[in-house]
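Notes for the one structure printed next.
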Amino acid sequence: MRILAPLKDLKMNLNSQNKESKLAINGGTPVRKTLLPYGRQSINQTDLDQVCRTLQSDWLTQGPEIEKFEKSVAQFVGVKYAVAYSSGTSALHGAYFAAGLKAGEEVLLAPITFAATGNAALYLGATPIFCDIEPDTGNIDVKTVEKKISKKTKILVGIDYSGQPCDADELGAIAKKHNLVFIVDAAHSLGGTYKGKPAGSLADMSILSFHPVKSMTTGEGGMVLTNDSKYYDRLLTFRSHGIEKRSDKLVNTDEYQGAWYHEMQDLGFNYRMTDIQAALGISQLKRLPDFITRRREIASEYRKRFGTIDGIELLAEKDFAESAYHLFPILITKEPLAQYRKLFFDALRAENIGVQVHYIPVYRHPFYQDKVSKSPSNCPESDRFYAREISLPIFPSMSSTDINDVVTALDKVSQGLLK
Ligand SMILES: *Cc1c(COP(=O)(O)O)cnc(C)c1O
């Protein structure tokens, strides 16, 4: 990234402010005494009771809670099959495996995502190929996709960035036309909708994450959703060493084979979720609609109150989408973008607002530059998005005081830095 002027020069003229408006980064009093994180889980007594009940049961793992959890998520999202995994990352690995991804093949995805969306292709010896994003949503730009399809392309991945579903109809049509498997990384969007349909129900397979900052949590955890029984079978065995136990699916048959018999048909992993986690998941799922309502309330409050703040832009909400608001990104408009983003970021952190950046484009990580592709990915909108993005705190248990603090701090920082 270009360096245009040292940051300290931009900070220097800020010392003439009175005490109250003096930025904390310049020695003023911070808006908050303690750090407000950008995301946080919400665990109540019922959640705790369910976990304790499971801990005292006969099964800590591979028991009845997993299937119950899978059924309830499948029902919530409106798909036939759900397979719980140990994380969103292992769910991605499972989904790419189930799609039949082989070494040397290619996976198309946008670079504004967590590295795992690309890494799971590398686990199988395949190559992630990056398509640029729409600047106003952070989601894959449908127009860039077909140019990047080659004979080796096997999977097209849409990422529901910040909780707003990607354009699944358009992406699904491209996938169909080119005979690709369409997968949505819905780690951000559980509880959101696309054209009135639940996020997670819109692709050949969709993956979820239950990391504590996501829509709902199981500690660590993930899931793959699908309507296709062939994918379902492969997802089940891959999660557990590639081992098949169901007698009607066995390859070897022998009349002296007994009930002990099982066989390893693929090279799978131990990617199982525990029953303890599934019990927490079942309880959290019941609370999910309230979580999403609260996230959307906070977002709408932010949208109302940020209108008068200079130097920032908000993402567009598409007519077809209702975001689950996993993130609330703002985009810095003041040039030079990368410098002002760093100033806003550092100044907000000093005010004790726990901002984050989502994401460093995956191809910018040294591993990708050294080991995946030395040639540039040519995604100018992704680079520009990265240079100007900051994620503000948003999570269901935020109080109205917390929301006020974010608005006050952002206003203070904007005025302090831009005048
Ligand atoms: C969180 C996340 C993942 C990975 O999920 P884990 O449960 O942390 O492994 C994958 N993709 C995206 C877009 C995510 O936000």
Give me a count of the residues in the range 77-95 that are assigned to a strand (DSSP E or B) and within 7 Å of the ligand (Cβ to nearest atom). 0
Those residues of the range 98-113 that are open to solvent by less than 10 Å² (accessible area, probe 1.4 Å) and either among the basic types (Lys, Arg) or assigned to a helix (DSSP H, G or I) (or both) come to a total of 1
All positions within the range 284-331 that are surrounded by 16 or more Cβ atoms within 10 Å (Cβ to Cβ), of a type in the set (D, E, K, R) and assigned to a strand (DSSP E or B): Glu322
Could you run through the range 32-76 and say how many residues are within 16 Å of the ligand (Cβ to nearest atom) and open to solvent by 30 Å² or more (accessible area, probe 1.4 Å)? 4
Would a scan of the range 158-176 turn up a residue that is surrounded by fewer than 24 Cβ atoms within 10 Å (Cβ to Cβ), away from the ligand (no atom under 16 Å from the Cβ) and in contact (Cβ under 8 Å) with a residue 60 or more places away in the chain? yes
Which members of the range 96-136 meet the condition of being in contact with a Gly (Cβ under 6 Å, 6 or more places away or on another chain) and within 13 Å of the ligand (Cβ to nearest atom)? Ile112, Pro128
Considering only residues of the range 189-208 that are open to solvent by 10 Å² or more (accessible area, probe 1.4 Å) and in contact (Cβ under 8 Å) with a residue 60 or more places away in the chain, which is nearest to Leu101 (Cα to Cα)? Asp204
Can you find, within the range 206-239, the residue that is nearest to the chain's Cα centre (by Cα) among those that are polar (S, T, N, Q) and within 14 Å of the ligand (Cβ to nearest atom)? Ser209
Can you tell me which of (1) outside any loop (DSSP other than H, G, I, E, B); (2) hydrophobic (A, V, I, L, M, F, W, C); (3) more than 13 Å from the ligand (Cβ to nearest atom) is the one Ala203 doesn't meet? (1)
Residues being open to solvent by less than 10 Å² (accessible area, probe 1.4 Å) and polar (S, T, N, Q): count how many of those fall in the range 114-140. 3
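The values are calculated or read from the model by the stated rules, or taken from the named source; none is laboratory data. Fair warning: this is a prediction, and the values are worked out from it, not measured in the lab. Heads up, the Cβs are rebuilt from the backbone with ideal geometry, glycines too, and the neighbour counts pull from every protein chain shown. Ligands, DNA and RNA are stripped out before the accessible areas are found, and what is left, the full protein with its side chains, is counted by its heavy atoms. Shrake-Rupley method; radii C 1.70, N 1.55, O 1.52, S 1.80 Å.
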